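Throughout, read-outs are computed from the coordinates displayed, never taken from laboratory work. None of these values were measured; they are calculated from a predicted model. Every residue, glycine as well, gets a Cβ built from its backbone with ideal geometry; the counts of neighbours run over all protein chains shown.
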Amino acid sequence: MVQNNAARQINAIPKRKEQEVPIHKTDSKNKSLKVPFSGFEITSAVALSVLFMAMTIFLISTKVSLSGAQYELQNLNQKIVNIQNSNVNTKQDISELSSKSRLMKIAQDAGLTMNDNSIRNVSK
């Protein structure tokens, strides 16, 4: 039995763990948080930024010129309506001034008479 106790004592001694050597060593000197950008990426980013700004300015200027054109169109439409109203009023004045009853009244005031026998209809 003595032999069994000795064997048990050997098994009871904890074994030393060997230090694990990492497969890939990380070098803390080269480890940085910044991602390097290539010249093409920087040039592309700058070019796209400039293009975006140019398109924004172009869009704003187009909207401003469109607003100006709409304002001018509205003014022209208002002038057209005013002239059309003036034309309608003038036509109404002409028809009132050239009405047969008015002409007959003016002729009577001037002492003129109308002879229906001397009226001729002319057509082309």
Quiz item: Assigning unit charges at the beta carbon (Lys, Arg +1; Asp, Glu -1) and nothing else, what dipole magnitude in debye, to the nearest 20, does the stretch 38-119 show about its Cα centre?
Solution: 160 debye
Self-check item: Sites Asp109 and Asn89, calculated FRET efficiency, Cβ-Cβ separation with R0 30 Å, nearest 0.05
Solution: 0.70
Quiz prompt | Full-extension gain in nm, Gln78 to Phe58, via 0.36 nm per residue minus C-alpha separation | solution = 4.2 nm
Self-check item: Phi-based couplings in Hz for the stretch 100-113 (Karplus 6.51, -1.76, 1.60; Gly and Pro marked x)
Solution: 5, 5, 5, 4, 5, 5, 5, 5, 5, 5, 8, x, 9, 10
Quiz item: Toward the positive end of the charge dipole of the stretch 51-112, about the Cα centre and with charges on Cβ (Lys, Arg +1; Asp, Glu -1), which of Leu112, Phe58, Asn77 goes farthest?
Solution: Leu112
